[in-house]
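Q: Starting off with a structure, shown below.
Please treat every number below as a calculation from the coordinates, not as lab data. Everything quoted here is computed from the prediction, not taken from an experiment. All Cβ positions, even for glycine, are placed from backbone atoms using ideal geometry, and neighbour counts span all protein chains on display.
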Amino acid sequence: MIGPEEGVMQSRAQAMAAIFELLTDQPLIVCNGFPSREACKLRDRDQNFYMIGSMGATAGIGLGLALAQPEKTVVVFDGDGNVLMSLGTLATIGALKPKNLIHVVFDNEVYGTTGNQPTYSRVVGLDKVARAAGYENVERVWEKEDIVYEFKAMLADSGPSFLLIKVNEQLEEADRIALAPQELTKRFKQSVS
Amino acid sequence: MLEADDFVKGLQDIGFDFFTGVPDTILGGIIAHLTEERIYTPAVREDEAVAMAAGAYFGGKVPAVLMQNSGLGNALNVLESLNLIYQIPCLLLVSWRGFEGKDAPEHLVMGETMTTLLDTIRIPHRTLTAETMTEDLQWTAKTFMEQRIPVALLLKKGIVKTVQP
């Protein structure tokens, strides 16, 4: 029986909030579903790009931006379901090795937006896959103190970096993204290019 | 028949400066030239390539994605639920495998239905010919800039010189 990892106290929103405290003007790509809604509610910034569809494309978008803007550190907020859908992108990132990409994965081991159906991340360690694929820095964390410590280190080090944060299934009450998709494109492009 | 470097130069002249994709034999010459010029970033799937192109567009690049038409199937969701609704443009350089039914069986359905598929999802497309390359590229640039959505240039076998596998 595959179930959520026991003893994980922190919600994704709490983990996200810890990272938002450390961000300045870095561009951020957030995966579709509740993660985007939660990020928008916690800290809406012009440098946030919220996906509402195209599941699996998060890291690919971040990679393209990192290659186009090598002097900027690009941060990706991803989920375990999203990463599993495009596992090949870990290979692309591991092979191309963009120094300026930090790939954060909030791993709740379920498809949380659609009713908590289990994903395979409980049995397949996505951090191990990322390490095998060639990411330079890979860490798995549970606690807020460790999130802060490791993310700070990743901001300072050369990437690509992969921060797997184990979180519980709790969702933050958050509305759908109010800005129209084409307005998000304009706002984000203007703020990063 | 067009030389690959002339075609690539034509693309660069109208602004394209970020190239990614997944190979096909029809596209082999173009990819070889782009790789030589160190301006090609290989992807592992066509939807990943379209996502990378979107990120590059945000970062100020003018992106093109190369793919076999089978890859349109892989890229369909990202084209529909990212590019088309967010108005993120890219050029799709799509090889037309299965044209007029003359190809291996796996290419025949897509070869026959590709233009209908593109019409259905409202992606403007045009088929490149050696004689009309300049106009084809002008149309591509104009559609890209005005509509801010993906635009497809279809490449049949024998239009741009390729490499022997």
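Q: Set the bar at 28 Å for Cα to Cα. Now go through A:97/A:128; A:128/A:186; A:166/A:186; A:99/A:166 and name every pair that lies beyond it.
A: Too far apart for the 28 Å limit: A:128/A:186; A:166/A:186.
Q: How high is the relative contact order of segment B:4-155, in percent, with contacts defined as C-alpha pairs under 8 Å that are six or more residues apart?
A: 23
Q: Here's a follow-up. Where does the charge balance sit around residue A:153 when Lys and Arg score +1, Asp and Glu -1, over other residues with C-beta under 11 Å from its C-beta?
A: -3
Q: Highest GNM mean-square fluctuation, chain A, Cα pairs closer than 10 Å: which of A:82, A:100, A:116?
A: With Cα springs under 10 Å in chain A, the top fluctuation among A:82, A:100, A:116 is at A:116.
Q: What average count of beta carbons from other chains do you get within 10 Å of the Cβ of residues in B:106-118?
A: Other-chain Cβ atoms within 10 Å of each residue's Cβ, averaged: 0.
Q: Modelling each spin label as a point 7 Å along the Cα-to-Cβ direction, I'd like the residue B:138/residue A:41 distance in nm, to one decimal.
A: The answer from the label model is 5.3 nm.
Q: Around residue B:127, which amide H atoms from residues at least 5 apart in sequence, or from another chain, sit under 5 Å from its own amide H, with H modelled in the peptide plane?
A: Sorted by chain and number, the residues that satisfy this are B:154.
Q: Which value, in debye to the nearest 20, gives the size of the charge dipole of the protein assembly as shown about its Cα centre, when Lys and Arg are +1 and Asp and Glu are -1 at the Cβ?
A: It works out to roughly 320 debye.
Q: Per the Kirkwood treatment, what hydrodynamic radius in Å, one decimal, follows for the protein assembly as shown from the mean inverse distance over all distinct Cα pairs?
A: Evaluated over the protein assembly as shown, this radius sits at 20.8 Å.
Q: Further question on the same structure: Where does chain A land at 222 nm, in deg cm²/dmol rounded to the nearest 500, when only DSSP H runs of n ≥ 4 count, each adding -39500 (n - 2.57), divided by all residues?
A: -12000 deg cm²/dmol
Q: Using a simple spin-label model with points 7 Å from Cα along the Cα→Cβ vector, what separation in nm is obtained for residue B:39 and residue B:126?
A: 1.9
Q: To one decimal place, what Kirkwood hydrodynamic radius in Å is obtained for segment A:66-111 from all pairs of distinct Cα atoms?
A: It is 11.4 Å.
Q: Scale the Cα Rg of segment A:12-192 by the rule-of-thumb value 2.2 N^0.38 Å and send over the ratio, two decimals.
A: 0.93
Q: Moving to a separate point now. Could you name the aspartates and glutamates in cross-link range of residue B:61, using Cα to Cα under 13 Å and dropping any fewer than eight places away on the same chain?
A: Result set, ordered by chain and number: B:17.
Q: Using Cα springs under 10 Å in a Gaussian network model of chain A, which residue among A:51, A:85, A:16 shows the largest mean-square fluctuation?
A: Ranking A:51, A:85, A:16 by mean-square fluctuation puts A:85 first.
Q: Shifting gears a bit: For segment B:4-155, rounded, prolate or oblate, judged on the Cα gyration tensor with a ≥ b ≥ c (square roots of eigenvalues), a/c < 1.5 rounded, else prolate if a/b > b/c?
A: In terms of gyration-tensor shape, rounded.
Q: I would also like to ask the following. Per-residue mean of other chain beta-carbon atoms within 10 angstrom of the beta-carbon, peptide A:67-76?
A: Mean partner-chain Cβ count within 10 Å for A:67-76: 3.
Q: Near residue B:157, which lysines are there with a Cα under 23 Å away, not counting those fewer than 8 places off in the same chain?
A: Within the straight-line cut-off, residue B:157 pairs with B:9, B:102.
Q: Of A:125, A:65, A:8, whose Cα points farthest to the positive end of the dipole of chain A (charges on the beta-carbon: +1 Lys, Arg; -1 Asp, Glu; origin at the Cα centre)?
A: Projecting each Cα onto the dipole axis, the largest value belongs to A:65.
Q: Tell me the label-point distance for the pair residue B:157, residue A:128, using the 7 Å Cα-to-Cβ offset, in nm and rounded to one decimal.
A: That separation, rounded to one decimal, is 4.5 nm.
Q: State, as an integer percentage, the relative contact order of segment A:12-192 based on alpha-carbon contacts under 8 Å between residues 6 or more apart.
A: Averaging sequence separation for qualifying contacts and normalising by length gives 26 percent for segment A:12-192.
Q: Most mobile of B:151, B:109, B:22 per a Gaussian network model of chain B (Cα springs, under 10 Å)?
A: Maximum fluctuation in the GNM of chain B, among the listed residues, is at B:109.
Q: Okay, moving on. So if I take the centroid of the Cα atoms in segment A:21-86 and the same for segment B:65-100, what is the distance between those two points in Å?
A: Result: 22 Å between the Cα centres.
Q: Still on this structure, please answer the following. Please work out the Cα center distance from segment A:92-110 to segment B:1-23, rounded to the nearest Å.
A: A separation of 30 Å, based on Cα centres.
Q: Same structure again: So what's the net charge close to residue A:186: Lys and Arg +1, Asp and Glu -1, counting the other residues with Cβ under 11 Å from its Cβ?
A: That sum, taken over residues with Cβ under 11 Å, equals +1.
Q: With a cut-off of 8 Å between alpha carbons and a minimum separation of six or more residues, what is the relative contact order of segment A:116-161 in percent?
A: RCO, segment A:116-161: 37 percent.
Q: Place a label point 7 angstrom from the Cα of residue B:109 along the Cα-to-Cβ direction, then list the residues of segment B:71-85 whose backbone nitrogen is under 18 Å away.
A: B:71-77
Q: With unit charges on the beta carbons (Lys and Arg positive, Asp and Glu negative) and the dipole taken about the Cα centre of chain B, which residue among B:8, B:72, B:85 sits farthest to the positive side?
A: B:85
Q: Report the FRET efficiency, 1/(1 + (r/R0)^6), for residue B:164 and residue A:9, where r is their Cβ-Cβ distance and R0 is 56 Å, rounded to 0.05.
A: 0.40
Q: Can you tell me the dipole magnitude for chain B around its Cα centre, using point charges on the Cβ only (Lys, Arg +1; Asp, Glu -1), in Debye to the nearest 20?
A: My answer is approximately 180 debye.
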